[in-house]
Amino acid sequence: MGIDRRKFLTLAGVSALTVIGNKVSGVVPGANSEDVMFVPDKPALTGSRWAMVFDARKCLEEKNCTKCIEACHKVHNVPQFDNPKDEIKWVWKENFENTFPTQEFENVTEQLKDKPFIVMCNHCDNPPCVRVCPTQSTWKREKDGIVMMDMHRCIGCRYCVAACPYGSRSFNWRDPRPFIKETNPEFPTRTRGVVEKCNFCADLLAKGKLPACVTACDKGALVFGDLEDPESEVRKLLKDRFAIRRKPALGTNPQVYYLV
Ligand code: SF4
């Protein structure tokens, strides 16, 4: 059965308006932040289970390096507050003891024990933050396991902050916008009263780019890839090297691995 001419013209008009609207704002109206769409540079990078592998020894080759943190925070409009109480962090450094407080590693050299480790959201396979969110503003993406966050839907209850055993979520106690050094127009800014965290650069993956922290690290200390792909570098590294994860006894099944 064909569609009549009037219906066709109405549908075509709505579609055209939607496309025009999206190009102007870059955002699909009413959509969540997963659907923030900008015209992609390249085809999206796709995977079945994204994971990050951090090579502690490579990272420590360059003392006091913060390139990965700076790149992440710049691309995602993370504000810089002077007061640590207000701090918003997507990627940051923790010393070995705080990163792995419940674990004993006889085979981890003394050399690494007092050194800083890069930490971020672990994009857990079994994320407690998702279970406690009353508005479903955080969820695990079925297609690739990324734990997403929709800041528009967040009501600021901070249940997820309390539920995350890794301190991976930050709450905006103050309006972050005046504290963003240089706003990236391609990523949304946030408001006071919402939670935020690392998104494994879902925004960059959609544009065919690797996570900002991975690209910024010239030592190759951060490797990102698809755990389901046997040919991926992350799979090969985890096969050949000894890797640990944060607080494994909690059953959250983190997808950030540390080569030590
Ligand atoms: Fe959620 Fe924390 Fe796991 Fe990230 S690290 S998925 S915020 S529980």
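Numbers below:
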| quantity | calculated |
| --- | --- |
| Residue under evaluation ALA249, criteria (1) within 15 Å of the ligand (Cβ to nearest atom); (2) under 17 Å from GLY145 (Cα atoms); (3) small (Gly, Ala, Ser), criterion not met | (2) |
| Residue, farthest from PRO211 (Cα to Cα), within region 131-149, restricted to residues that are open to solvent by less than 20 Å² (accessible area, probe 1.4 Å) and in contact with a Cys (Cβ under 7 Å, 6 or more places away or on another chain) | SER137 |
| Members of region 229-246 found to be open to solvent by 40 Å² or more (accessible area, probe 1.4 Å), assigned to a loop (DSSP other than H, G, I, E, B) and either among the hydrophobic types (A, V, I, L, M, F, W, C) or farther than 20 Å from PHE96 by Cα (or both), listed by number | ASP229, PRO230, GLU231, PHE242 |
| Qualifying position, being modelled with pLDDT of 95 or more and either within 13 Å of the ligand (Cβ to nearest atom) or within 23 Å of LYS93 (Cα to Cα) (or both), among GLY167, GLY193, GLY156 | GLY167 |
| Yes/no for ILE88 being of a type in the set (Val, Ile, Thr), within 15 Å of the ligand (Cβ to nearest atom), more than 22 Å from ARG245 (Cα to Cα) and assigned to a loop (DSSP other than H, G, I, E, B) | yes |
| Members of region 80-109 that are in contact (Cβ under 8 Å) with a residue 24 or more places away in the chain and in contact with an Asp or Glu (Cβ under 8 Å, 6 or more places away or on another chain) | PHE81, ILE88, TRP90 |
| Any hit, region 247-254, residues being under 16 Å from VAL91 (Cα atoms) and either β-branched (Val, Ile, Thr) or in a loop (DSSP other than H, G, I, E, B) (or both) | yes |
| VAL223 vs. criteria in contact with a Leu (Cβ under 7 Å, 6 or more places away or on another chain) and over 23 Å from PRO248 (Cβ atoms) | no |
| Failed item, numbered, when TYR159 is tested on (1) more than 29 Å from PHE100 (Cα to Cα); (2) among the aromatic types (Phe, Trp, Tyr); (3) out of contact with any Phe, Trp or Tyr (no Cβ under 6 Å at 6 or more places or on another chain) | (1) |
| Given (1) over 21 Å from ARG57 (Cβ atoms); (2) aliphatic (A, V, I, L, M); (3) modelled with pLDDT of 95 or more, number of the condition ILE118 does not satisfy | (1) |
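The values are calculated or read from the model by the stated rules, or taken from the named source; none is laboratory data. Only a predicted model underlies this, so the values are computations on that prediction, with no experimental measurement involved. With ideal geometry, Cβ positions are generated from the backbone for all residues, glycine too; neighbour counts draw on all protein chains shown. Quick note on the areas: whole protein, heavy atoms, side chains included, nothing else; ligands and nucleic acids left out. Shrake-Rupley method; radii C 1.70, N 1.55, O 1.52, S 1.80 Å.
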